[in-house]
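Here, each number is a calculation from the coordinates, and none is a lab measurement. Here the structure is a predicted model, which means the values were calculated and not measured. No Cβ is skipped: glycine too gets one built from the backbone with ideal geometry, and neighbour counts run over all protein chains shown.
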Amino acid sequence: MTTQQAPAIQVHGLEKSYKELHVLRGVDFEVARGSIFALLGSNGAGKTTAVKILSTLLKPDAGTARVNGFDVATQAANVRESISLTGQFAAVDEILSGRENLVLVARLRHLKNPGRIADELLERFSLTDAGGRKAATYSGGMRRRLDIAMSLIGDPPIIFLDEPTTGLDPQARIEVWQAVRELADRGTTVLLTTQYLDEAEQLADRIAILHEGRIIVNGTLDELKQLLPPAKVEYVEKQPTLEDVFLTLVGTKA
Amino acid sequence: MSKHFFGDTTVLLGRSLRHITRSPDTIITTAIMPIAMMLMFVYVFGGAIRTGSDSSYVNYMLPGILLITVASGIAYTAYRLFMDMKGGIFERFQSMPTARSSVLWAHVLTSLVANLISLVVVVLVALLMGFRSGAGVPAWLAVAGILILFTLALTWIAVIPGLSAKTMEGASAFSYPLIFLPFLSSAFVPTASMPGPVRFFAEHQPVTSIVNAIRALFTGQPVGTDIWVALAWCVGILVVAYAFAMRTYRRKIS
Ligand SMILES: Nc1ncnc2c1ncn2[C@@H]1O[C@H](COP(=O)(O)OP(=O)(O)O)[C@@H](O)[C@H]1O
Ligand SMILES: [Mg+2]
């Protein structure tokens, strides 16, 4: 039933309230196949709520959402076959090793050769040396990489990343960005949420801003920039940003 | 029911059992309190307690101690479930093409295994302290059956705070009253020695009939109606707790 041409994600009039709190008040957007879509919004805007609805963890009060052509309300099992969720807080099993975490997910996705899948992903995410260690001993960046690696198992065509870099140091952030770009290069559709403008700017093909329960703008970076008055030409001495300094000192090529 | 239910439950059970073997302290902690009580009651208070029988006091009190073991063991069931909820791994599993109820059943079965190991440890210590039983294989099987039913009933109670608690303390606090219930029963002293209202409560609460049934099985006495009352209590609690736990669970996943 899935037509390749149909958008990977279609959301229409989505509403969700927690008691008196109307978090989503009619959200509409579409995400094209193979693109990176950023849902930008401040803390509490409802990004996680939207992602949970799309990943079948929450039921909307009104509106429809189709993921990979499947309705999240009536075809939840098909949706779950099509997606992976990387939640806001790295959901790894701390007591298991990195490798065991990957094997676990591969088994739960009913794949053959879980051990080989795990080893390949450890390699791809530079976790081979740490693969035998308990995930509890990992740094924030390593946990996030493991978390994302767990989401790639089974090659789901659509991946949700809820604030993938919140709380990470700049170096780990760049590692995650790299991983997201690689995903998109392989044709995976990525919906990511973020509070950071620069993250959306760096990664996304399209950016939608979620504010007070609605999408107030939705477009490419260039389209969004044209919403503002044309840039004035000013001559200023370019100072390195603190981030440039930090990354130079710790020796990462940005 | 999903066609993957049994396979997925097995995989997730393997995961939880690995948690237990990696932190065997949960089993030791579960067994240590009942063992300490047993030592205290037998070697400190035991001489002053009249049970109306000539056999050693450890024979008299072991059934109650076994119930206390289960009551303290299920605090860890709630704890393990709570940690999965809090860490986001529960949501990860629920967003995967995995049989959804497997996540819950794996915890329930883990609780059963962990409690049975603790019970065996406590019985072994009791044997060292002079516990002797003339019970044959059928009587031992009956005792095991009652304890399994009791563990399942308490486990489903534990699932409720495990799913809904906001803090770790909240997740395990529910077990305290369950641990103290045997003190207001025939577990340590005959109910006939208690003052009126306490005695009435003791004679009509589930622990007394369960303790009396197990005690009768251990000593080769006729079990009378106690065993039916005990089974009715266990099944009744099991059914009610299961219904409430499933309601809590459905709220969580919708
Ligand atoms: N389960 C819940 N019950 C009640 N309120 C909630 C619940 N989940 C989120 N909220 C509230 O809904 C709003 C949006 O939350 P969320 O979707 O997490 O925002 P974001 O991810 O954009 O920070 C916040 O005000 C939050 O406090
Ligand atoms: Mg959020």
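Evaluated over chain A, the count of Lys pairs having alpha-carbon atoms less than 26 Å apart is 11 (only pairs 8 or more residues apart or interchain).
Stretched out straight at 0.36 nm per residue, the stretch from B:Met40 to B:Thr10 would grow longer than its current Cα-Cα span by 6.8 nm. Counting only Cα atoms, segment A:175-238 measures 39, 34, 19 Å along its principal axes, largest extent leading.
Taking A:Glu20, A:Glu81, A:Glu182 in turn, the Gaussian network model of chain A (Cα-Cα springs below 10 Å) assigns the largest fluctuation to A:Glu20.
With the charge dipole of the protein assembly as shown set up from +1 on Lys and Arg Cβ and -1 on Asp and Glu Cβ about the Cα centre, the Cα lying farthest toward the positive end among the listed residues B:Val207, B:Ser111, B:Thr219 is that of B:Thr219.
What's the whole-number percent of alpha carbon pairs in the protein assembly as shown lying beyond 32 angstrom?
On the way: 67045 of 128778 pairs.
For the protein assembly as shown, the share of Cα pairs beyond 32 Å comes to 52 percent.
With R₀ set to 41 Å, the beta-carbon distance separating B:Thr21 from B:Ile49 gives a calculated FRET efficiency near 0.60. For chain B, complete DSSP H runs whose alpha carbons reach 24 Å or more along their own long axis and whose mean Kyte-Doolittle score is 0.0 or higher are B:5-22, B:57-87, B:102-128, B:137-164, B:226-252.
For segment B:2-253, how big is the tail of P(r) above 25 Å, as a whole percent of Cα pairs? All intermediate terms of the calculation are to be shown ahead of the outcome.
Values: 13925 of 31626 pairs.
Tail fraction, whole percent: 44.
Note on segment A:13-55: dipole from Cβ charges, positive end direction compared against A:Val31, A:Leu14, A:Thr48; the farthest Cα belongs to A:Thr48. Taken about its Cα centre, segment B:26-119 carries a charge dipole of roughly 200 debye when the Cβ of each Lys and Arg holds +1 and the Cβ of each Asp and Glu holds -1. Based on C-alpha pairs under 8 angstrom that are at least 6 apart in sequence, chain A has a relative contact order of 25 percent. Rank B:Val198, B:Val70, B:Val121 by mean-square fluctuation in a GNM of chain B with C-alpha springs under 10 angstrom and give only the top-ranked residue. Between B:Val198, B:Val70, B:Val121, it is B:Val198 that shows the largest mean-square fluctuation. Per the Cα gyration tensor, segment A:1-160 maps to an equivalent ellipsoid with semi-axes of 31, 19, 13 Å, ordered largest to smallest.
Segment A:92-149 and segment B:16-65 have Cα centres spaced 41 Å apart. Only Cα pairs within less than 10 Å get springs; with that Gaussian network setup on chain A, which residue of A:Glu120, A:Glu237, A:Glu212 has the largest fluctuation? Top of the fluctuation ranking is A:Glu237.
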